[in-house]
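Data block below; observations after.
None of the figures in this text is laboratory data; all of them are computed from the coordinates on show. A quick note: this is a predicted structure, and the numbers were derived from the prediction, not measured.
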Amino acid sequence: MDLNESSTYAMIFHELATNSAKYGALANGGTLNLVGRVVDHALTLDWTEGAAPSGPAKADGTGFGSRLLTQTIERSLAGQFQRTIDDAGLHFRMIVPIR
């Protein structure tokens with residue numbers, strides 16, 4: 001991993017943590033689970049937030065954070081991601097090839 005990739009991962013984690021602290025599990029006493037694994041030359045990362053007591057934030061996927069995730073994960077790292085927000089909380093999964 002080079003310095004550019006390290007910076008890219010830092011931006012991804014910063015975006016996820018900031019949103020969680022403002023609107024998600026870290027804002028109101030919910031739970032956060034982070035699991036990473038490497039299989040077949042690909043990193044899979046699952047970020048799962050249990051619903052905070054005030055309920056989940058609904059996101060339409062068109063804001064700055066969504067564009068940042070698309071730019072960093074899909075374009076810079078040649079990976080893919082999925083994000084689901086529902087009454088149970090947020091589930092985010094990214095899969096990035098290891099170069």
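Structural remarks
- Tilt relative to the chain, helix 3-23 - C-alpha long axis, 0 to 90 degrees, to 10: 10 degrees
- In units of the rule-of-thumb radius 2.2 N^0.38 Å, the chain shows an alpha carbon radius of gyration of 1.07.
- Chain lengthening between residue 70 and residue 41 when straightened (0.36 nm per residue, less Cα-Cα): 8.4 nm
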